[in-house]
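What follows is one structure encoded as structure tokens, with my remarks underneath.
The values are calculated or read from the model by the stated rules, or taken from the named source; none is laboratory data. Not measured: the values here are computed from a predicted model. Because the Cβ atoms are built from the backbone with ideal geometry, glycine has one as well, and the counts that use them run over all protein chains shown. What goes into the accessible areas is simple: the full protein's heavy atoms, side chains included, and nothing from ligands, DNA or RNA. Shrake-Rupley method; radii C 1.70, N 1.55, O 1.52, S 1.80 Å.
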Amino acid sequence: MSPVSEELGAGDASAAAATAPLLEGSEAVDGEAKQESGEWCPQEASLASAEAAGEVPLVAAGGRAGSPPKEDEEKKMEKGELPPPPSQQDDAAAFEPPEGGWGWIVILASMWCNGTVFGVQNSGGILFKSMLKEFGDPNDKQLMFRTALVNSLSMGMIFFCSPIVSVFTNIFSCRKVAVVGAAVALVGLLASSFVRSLEPLYFTYGILFGCGCSFAYQPSLVILAHYFKKRLGLVNGIVTAGSSLFTVTLPFLLNALIASVGLYNTFRVLCIFVFILFLAGFTYKPLISNANRSEGKGKFKCPPAKTIFDFSIFKVMGYRIWTLGIGTALFGYFIPYVHLLNHVKERIGENVPEVTLLLCLGITSGVGRLVFGRIADYIPGTKKVYLQVISFCFIGLLSMMIPLCHSFGGLIAVCLFMGLFDGCFISIMAPIAFELVGSQYVSQAIGFLLGIMSIPMTAGPPIAGKLRDHLGNYDVAFYLAGVPPIIGGAILCFIPWVHEKKKSKERVHTVDGETTDKMLEIKSISDSFEKPSKESESVI
């Protein structure tokens, strides 16, 4: 071969050697850039070639580069948007409830739990009258206040412990939390039957019994989702109707028991109800495995504190307004349940069957839960809040009408309508929470809301009792009890406006983000065509 030809051959060999890595890299790029269908993807080719050249590619948001996930989550949190919850286990994600079977036994157990807990609490007026007779001192100017505090503590602790119960239910199983809670309630109620003064009842009945009922009550609702999905609405209606059923029947039983065996033995009879509640907790067999136990070993693994105490839902403006409005409204909510029967005794007389008023409240409350729960299904989005606005306004007006009723028939009419709107308020709490924070955060939203509700529900009745002690009657107490629900309803009116404003901002942000993504994508594609031409020129 001539020297020229040898020189050319050497040049070809060196060029081939120099271009061999590039060709191999391009072949690798070709293999990675092709999709399963065999079609060429220019954007993927540019990404692969840039990576092969050791350069950092520019990719549109939603691709490989862009803002880091943590920064995206921080921006969402600043705007009041909730980050996605931690991923669940694969078996929990693919879980399908059996829609029956053992679930029907669980329904009966949950129904008994709701009936026992809230049947006793809603019948607190009868126990209140008996405590006045048992521990009353005519010379005690704070008698009404001190006695009302017993029932208020018990009802308040049920709601106050709700956020803590949510944490324990997530860490442990529904069965363990419910059984331990019922055991604590049983101890508190049994201890109350041996108390011979009013002050120890603050601890035994108010705190122990109230906390135990809280720990037994919330798992009875959580366990339902383990067994039902398609029928969950119907199942919740059946279970919550248990409280209405017991509110209707338990006052007659308590009246008969107190008249025949006295207050202390009545507490012991109620211990039978709580013992059945203790046994009912064993039926809460969880079907979804506990995520806090390591696979195969069964050892307990405590979740990080950040996931346990998650207050991110309070960054949602609509939820903050909701908790503020309901917390304000409930300062006067529980007052009629505690003081109405004693007011009837003072205003109308001893020979009136005042238990009939609790019967009216219980019946119409059950009807209201079914009727307004069905109506809420036809109201879109956060406009469901207007049902709570209406219910609070009517509850406030009806509370103010109680002192104006000088006949028993008028009080029956007030209680019928009050129970109806009470059922409306309760039945749509979960749907509104779903609209405000999403399905992933409903449990936390309701738990925190119930905890906030405990403060006004505990403070309201003792304040009303104190007014009665100073003024000699309940008139001013009932007039003032109607003011907070009306104010709370007015606050709730802002929720749909705030929620829609937030949604409109999210839509604008989404459109702007899509435009930016497209611009970045076009730029990345154009860069992918410019770089190979420059590299080929350098090789030549």
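On a full-extension model of 0.36 nm per residue, what is the gain between ILE379 and ARG320, subtracting their alpha-carbon distance, rounded to one decimal in nm? Mind dumping the intermediate values first?
Numbers: separation 59, 0.36 × 59 = 21.24 nm, distance 2.17 nm.
Length difference between fully extended and current span is 19.1 nm.
Over the alpha carbons of segment 391-474, what is the largest minus smallest coordinate on each principal axis, giving the biggest first in Å?
49, 28, 15
What are the trypsin sites (Lys or Arg not before Pro) within segment 140-190 that DSSP puts in a loop, where the Cβ has at most 14 other Cβ atoms within 10 Å? The partial results should precede the final answer.
Working: sites: LYS141, ARG146, ARG175, LYS176; in loops: LYS141.
Here the trypsin sites (Lys or Arg not before Pro) that fit, given the DSSP loop and packing criteria, are LYS141.
For segment 309-444, list log₁₀ I(q)/I(0) at each q in 0.09, 0.13, 0.18 Å⁻¹, using the Debye formula over Cα point scatterers of equal strength and ignoring solvent, two decimals each.
Each listed q corresponds, in turn, to -0.32, -0.62, -0.98.
Counting only heavy atoms of protein chains, what accessible area per residue, in Å², does segment 168-285 have with a probe of 1.4 Å?
Per-residue accessible area for segment 168-285 comes out at 40 Å².
Determine the gain in length on full extension of the stretch LEU245-ARG268; use 0.36 nm per residue of separation and subtract their C-alpha separation, reporting nm with one decimal.
6.1 nm
When the Cα centres of segment 372-449 and segment 141-211 are compared, how far apart do they sit, in Å?
First find each Cα centre; the distance between them is then 25 Å.
Work out how much length PHE172 to ASP469 would gain on full extension: take 0.36 nm times their residue separation and subtract the Cα-Cα distance, in nm to one decimal.
On the way: separation 297, 0.36 × 297 = 106.92 nm, distance 4.56 nm.
Value of the extension gain: 102.4 nm.
Note down the nm distance, to one decimal, between modelled labels 7 Å out along Cα→Cβ at TYR202 and at ILE487.
Simple spin-label model gives 2.6 nm for this pair.
With a 1.4 Å probe and all protein chains left in place, how much of the accessible area of segment 409-466 comes from carbon and sulfur atoms, in whole percent? Present the calculation step by step, with values, prior to reporting the outcome.
Numbers: 1360 of 1750 Å².
Accessible surface attributable to carbon and sulfur in segment 409-466 totals 78 percent.
Calculate, axis by axis, the spread of Cα positions in segment 158-253 along the three principal axes, and write the results as whole Å, longest axis first.
Its Cα atoms span 51, 36, 19 Å along the three principal axes.
Using the heavy atoms of the protein chains and a 1.4 angstrom probe, tell me the accessible area per residue for segment 383-450 in square angstrom.
On a per-residue basis, segment 383-450 sits at 36 Å².
Return the FRET efficiency for the residue pair ALA256, LYS501: r is the Cβ-Cβ distance, R0 is 56 Å, and the value is rounded to the nearest 0.05. Working shown, then result.
Values: r = 56 Å, r/R0 = 1.00.
With a Förster radius of 56 Å, E is 0.50.
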